[in-house]
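Visitor: Mind looking over this structure? Questions follow.
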Amino acid sequence: MAQFPELVFSGVQPTGNLHLGNYLGALKRFVEMQATHSCLYCVVDLHAMTMPHDPEQLRQNTRAVTAAFLACGIDAKKNIVFNQSRVSEHAELAWALDCVARLGWLNRMTQFKEKAGKDRENASVGLYNYPVLMAADILVYRATHVPVGDDQKQHLELARDIAQKFNNDFDASIAAHGHGDAFFPLPEPLIQGPATRVMSLRDGTKKMSKSDPSEYAHIALTDDADTIVQKIRKAKTDAEPLPGEVGGLAGRPEADNLVGIFAALGDETKADVLSRFAGSQFSGFKNALADLTVAKLGPIRAEIIRLNGDDAYVDSVLAEGAEKARAIARPNMDAVKDVLGLIR
């Protein structure tokens, strides 16, 4: 298999106010990765159209997610920060990959079944087909790595299957055009560190989500200090004190979640946290967790608010990023056309 230069593609949907789970599960890792990898950070606005949406809200959400990227520490000068719809090669490659992907592969995608619900006949074609666009998002840059949560592993496997089938189906043409034995890499997942999956503060068995009916289930990155303290104090726990070892968290989802959040915010392990708080009641632990959360999120909140008041700057970051992204995507798309036999 051909060797590809290491490149990371990360996509985040513009779905409004980001929360602590987005920060610990994605944004914090994005900031860490930029020190060791070449990265593209994309606000995937085309994906937000698979469900009914308000156009003005989509515009504002796209800017809000970009502001959160920058506020959390992503450097737009060292990396590529852009919104997907500005780079038409994403959609262009998606059609080519539609003609490679198989219907049976898409029929196995569990997220479509969950989002479409029982009334699947009324779901949009885009909702059914968006895993192919997701594959195009990655492959148009010939990216080698993608940070993914558990809920996106299946989509990355699909991207690998599509890449492999393209490489196999057009192997002679790929070789004839000087691309060796493979045109696309098979992208690998990047999964690192504690708290990759942050759970609800009201139910430790459910993922943290801003769509939860209880406003106390998540901490938004724009919550002020008093709100954060109140939400953590009201977080669901059990009656037992904190254990001294990680094994003692088994069967205690709420305790495990709060310890995991503390560990991820403090850049330490759950074992480190438990060695310090072993035998403590949750009231004292929650106070310490609230203090840590406010200290970590306070500067991010202030910068998000500042950037949310400067649309012109945020738009300029996206425009500059799209230009840099297009400089990679266009030659790759031209090469795909050559391989497929399309005259350009």
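Visitor: Kindly provide the set of residues from segment 52-81 that are touching a strand residue (DSSP E or B) at 6+ places or on another chain (Cβ under 6 Å) and closer than 17 Å to Ile328 by Cβ, ordered by number.
Guide: Asn79, Ile80, Val81
Visitor: From the list Arg59, Arg63, exactly one residue is in a helix (DSSP H, G or I), in contact (Cβ under 8 Å) with a residue 24 or more places away in the chain and among the basic types (Lys, Arg). Which is it? Full working, then the answer.
Guide: Working: Arg59 fails: in contact (Cβ under 8 Å) with a residue 24 or more places away in the chain.
After ruling out the rest, the residue left standing is Arg63.
Visitor: Here's something else I'd like to know. Between Leu133, Leu106, Leu139, Leu127, which is closer than 24 Å to Glu32 by Cα and either out of contact with any strand residue (DSSP E or B) (no Cβ under 8 Å at 6 or more places or on another chain) or of a type in the set (D, E, K, R) (or both)? Walk me through how you get there before you give the answer.
Guide: Details: Leu133 fails: closer than 24 Å to Glu32 by Cα; Leu106 fails: closer than 24 Å to Glu32 by Cα; Leu127 fails: closer than 24 Å to Glu32 by Cα.
Just one listed residue meets the conditions, Leu139.
Visitor: Here's a follow-up. Among what's in segment 281-309 and is of a type in the set (Val, Ile, Thr) and within 17 Å of Gly16 (Cα to Cα), pick the residue that is surrounded by the most Cβ atoms within 10 Å (Cβ to Cβ). So that I can check it myself, show each step before the final result.
Guide: Restricting attention to segment 281-309, the residues satisfying the condition of being of a type in the set (Val, Ile, Thr) are 293-294, 300, 304-305.
Applying the additional criterion that residues be within 17 Å of Gly16 (Cα to Cα) yields 300, 304-305.
On the way: Ile300: 19, Ile304: 23, Ile305: 12.
Going through the qualifying residues, I end up with Ile304.
One line per residue, one yes/no per condition, for (1) among the hydrophobic types (A, V, I, L, M, F, W, C); (2) touching a strand residue (DSSP E or B) at 6+ places or on another chain (Cβ under 7 Å):
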residue: Ala255; (1), (2): yes, no
residue: Ile261; (1), (2): yes, no
residue: Lys270; (1), (2): no, no
residue: Arg276; (1), (2): no, no
residue: Asp310; (1), (2): no, no
residue: Tyr313; (1), (2): no, no
residue: Gly321; (1), (2): no, yes
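Visitor: Here is a further query. Can you find a residue that is touching a residue at least 40 places away in the same chain (Cβ under 8 Å), among the aliphatic types (A, V, I, L, M), in the same structural domain as Gly126 (by TED's automatic domain parsing) and assigned to a strand (DSSP E or B) anywhere in segment 32-43?
Guide: Yes, there is a match, as at least one residue in segment 32-43 is touching a residue at least 40 places away in the same chain (Cβ under 8 Å), among the aliphatic types (A, V, I, L, M), in the same structural domain as Gly126 (by TED's automatic domain parsing) and assigned to a strand (DSSP E or B).
Visitor: Could you please give the count of residues in segment 70-104 that are of a type in the set (Phe, Trp, Tyr) and either in contact with a Lys or Arg (Cβ under 9 Å, 6 or more places away or on another chain) or more than 28 Å from Tyr128 (Cα to Cα) (or both)? It would help to see each step written out before you state the result.
Guide: Step one: list which residues in segment 70-104 are of a type in the set (Phe, Trp, Tyr), which gives 82, 95.
If we keep only those that are either in contact with a Lys or Arg (Cβ under 9 Å, 6 or more places away or on another chain) or more than 28 Å from Tyr128 (Cα to Cα) (or both) too, we end up with 82.
So the count comes out to 1.
Visitor: List pairs: first in segment 147-166 and more than 10 Å from Pro131 (Cα to Cα), second of a type in the set (Gly, Ala, Ser), Cβ under 6 Å, 6+ apart or cross-chain?
Guide: Close Cβ pairs satisfying both conditions: Pro147/Ser10; Gly149/Gly25; Ile162/Ala101; Ile162/Ala135.
Visitor: Next question. Taking the condition of being part of a loop (DSSP other than H, G, I, E, B) and over 20 Å from Arg197 (Cβ atoms), how many residues in segment 209-232 meet it? Spell out how you get there, then give the answer.
Guide: First pass over segment 209-232, keeping only residues part of a loop (DSSP other than H, G, I, E, B): 209-219, 221-224.
Narrowing further to those that are over 20 Å from Arg197 (Cβ atoms): 213, 215, 222-224.
Within segment 209-232, residues that are part of a loop (DSSP other than H, G, I, E, B) and over 20 Å from Arg197 (Cβ atoms) number 5.
Visitor: Quick one: which residue in Pro243, Pro213, Pro189 is within 30 Å of Ala143 (Cα to Cα) and out of contact with any Ser or Thr (no Cβ under 8 Å at 6 or more places or on another chain)? Don't jump to the end; show me each part of the working.
Guide: Values: Pro243 fails: within 30 Å of Ala143 (Cα to Cα); Pro213 fails: within 30 Å of Ala143 (Cα to Cα).
Step by step, each of Pro243, Pro213, Pro189 is checked, and only Pro189 is within 30 Å of Ala143 (Cα to Cα) and out of contact with any Ser or Thr (no Cβ under 8 Å at 6 or more places or on another chain).
Visitor: Would you confirm, using the coordinates I've provided, whether Thr36 is among the β-branched types (Val, Ile, Thr) and surrounded by fewer than 17 Cβ atoms within 10 Å (Cβ to Cβ)?
Guide: yes
Visitor: I've got another one for you. Among the residues of segment 178-193, are any in contact (Cβ under 8 Å) with a residue 12 or more places away in the chain, part of a loop (DSSP other than H, G, I, E, B), under 18 Å from the mean Cα position of the chain (by Cα) and buried (at least 19 other Cβ atoms within 10 Å of the Cβ)? Before the answer, list the steps.
Guide: To start, the set of residues in segment 178-193 that are in contact (Cβ under 8 Å) with a residue 12 or more places away in the chain comprises 179-193.
From what is left, the residues that are part of a loop (DSSP other than H, G, I, E, B) are 179-187, 191-193.
Of the ones still in play, those that are also under 18 Å from the mean Cα position of the chain (by Cα) are 187, 191-193.
Add one more test, that the residue is buried (at least 19 other Cβ atoms within 10 Å of the Cβ), and what stays is 187.
Yes; the residues of segment 178-193 include at least one that is in contact (Cβ under 8 Å) with a residue 12 or more places away in the chain, part of a loop (DSSP other than H, G, I, E, B), under 18 Å from the mean Cα position of the chain (by Cα) and buried (at least 19 other Cβ atoms within 10 Å of the Cβ).
Visitor: Please go through segment 80-130 and give me each residue that is closer than 23 Å to Ser10 by Cβ, without any contact (Cβ under 8 Å) to a residue 60 or more places away in the chain and not hydrophobic (A, V, I, L, M, F, W, C), ordered by number.
Guide: Ser85, Ser88, Thr110, Gln111, Glu114, Asn129
Visitor: Also: So, of the residues in segment 216-259 that are closer than 18 Å to Tyr23 by Cβ and acidic (Asp, Glu), which turns out to be surrounded by the fewest Cβ atoms within 10 Å (Cβ to Cβ)? Let's see the steps before the verdict.
Guide: Step one: of segment 216-259, the residues closer than 18 Å to Tyr23 by Cβ are 216-225, 227-229, 231-232, 235, 257-259.
Within this subset, residues satisfying the condition of being acidic (Asp, Glu) are 223-224.
Working: Asp223: 22, Asp224: 13.
Looking at residues that are closer than 18 Å to Tyr23 by Cβ and acidic (Asp, Glu), I get Asp224.
Visitor: Identify, from the list Val336, Val294, Val317, the residue that is touching a Phe, Trp or Tyr at 6+ places or on another chain (Cβ under 8 Å) and not small (Gly, Ala, Ser).
Guide: Details: Val294 fails: touching a Phe, Trp or Tyr at 6+ places or on another chain (Cβ under 8 Å); Val317 fails: touching a Phe, Trp or Tyr at 6+ places or on another chain (Cβ under 8 Å).
None of the other options fit; the residue is Val336.
The values are calculated or read from the model by the stated rules, or taken from the named source; none is laboratory data. Here the structure is a predicted model, which is why all the values come from computation and not from measurement. Backbone-built Cβ (ideal geometry, glycine too); neighbour counts: all protein chains shown.
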